[in-house]
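The numbers here are math on the coordinates, done by the rules we state, and not lab data. Only a predicted model underlies this, so the values are computations on that prediction, with no experimental measurement involved. Every residue, glycine among them, receives a Cβ derived from its backbone with ideal geometry; neighbour counts consider all protein chains shown.
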Amino acid sequence: MTVGAPRARNRRGEGDLLRAEILAAATDLLDAAGDARAVTLRAVARGVGIAAPSIYPHFPDQLSIVVAVVRRAFTELTDWLRSAADAAGEDPRRRLHAVCRAYLDFARHHPERYRTMFGGIWTADRAVSPAVPADLGSDALRLVTDCLTACVAAGQCTSTDPAADAVALWVGLHGLAHQRAVSPAFRWPADITRRIADPLSHLVP
């Protein structure tokens, strides 16, 4: 990552701009290293061109920065899923399959962020830092639930609990995303996504 030049002091009301620059620098560090431990206060400060103490009014510690990066990544994931569903048209089954493919595409295109989204921040000691919220990823999961609910309404799905089955589908997709990342040479069946998604979603053949 290129070290940023010294940054001009923000005028009043420009604090949000500095916060955005901090997040951008942290995301660059994460994408380059693939490890949240690379997102240190000093490294982020160098990337923005500020002194490390200038970060504290916006983020109290390193974990808070990583959580903010992860939250933004989950927002991006939700946008990917929603765009895929909208592009698939009105048929609920097609929309669900499109969402599943978009989830896997996101994991493939952003492997470093994806690993951190589902990685060590979830084991953070809340007694030390309560920065990790319990609702990370809830919007994306809700979109998957809505797709399943629409399939039920259209008679394309026999699920009696779309919310629970959405979690099962999410876990199945996550497992496939992980195995694709660690076993890139494995020859996956062309329809592996559907083979996982259809039974977990209780789609009608």
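Determine the distance separating the Cα centre of the stretch 160-205 from the Cα centre of the stretch 76-107; give it in Å without decimals.
14
Which distance in Å, rounded to a whole number, links the C-alpha centroids of the stretch 15-42 and the stretch 55-75?
Measuring centre to centre over Cα atoms gives 8 Å.
Out of 98, 87, 45, whose Cα points farthest toward the positive end of the dipole of the chain (charges: +1 Lys, Arg; -1 Asp, Glu; placed on Cβ)?
45
Once you treat every alpha carbon in the stretch 53-103 as an equal point and sum by Debye, what is log10 I(q)/I(0) at q = 0.12, 0.29 Å⁻¹?
Log10 I(q)/I(0), no solvent term: -0.42, -0.97.
Taking the Cα centre of the chain as origin and charging only Cβ (+1 Lys, Arg; -1 Asp, Glu), how large is the dipole, in debye to the nearest 20?
Details: 24 positive and 22 negative charges, 113 e Å.
The calculation lands at about 540 debye.
Under 8 Å for C-alpha pairs, at least 6 residues apart: give me the relative contact order for the chain, rounded to a whole percent.
Working: 212 pairs, mean separation 38.9, N = 205.
Relative contact order, the chain: 19 percent.
Given a Förster radius of 30 Å and the C-beta distance between residue 105 and residue 134 as r, what FRET efficiency does 1/(1 + (r/R0)^6) yield to the nearest 0.05?
Numbers: r = 27 Å, r/R0 = 0.89.
My answer for the efficiency is 0.65.
Please say if the stretch 129-204 is rounded, prolate or oblate, where rounded means a/c under 1.5 for a ≥ b ≥ c the square roots of the C-alpha gyration tensor eigenvalues, and otherwise the choice is prolate for a/b larger than b/c and oblate otherwise?
Numbers: a/c = 3.04, a/b = 1.03, b/c = 2.95.
Verdict is oblate for the stretch 129-204.
No other cysteine beta carbon under 4.7 Å away is the test; run it over the chain and list who passes.
Those would be 100, 147, since no other cysteine Cβ in the chain comes under 4.7 Å of theirs.
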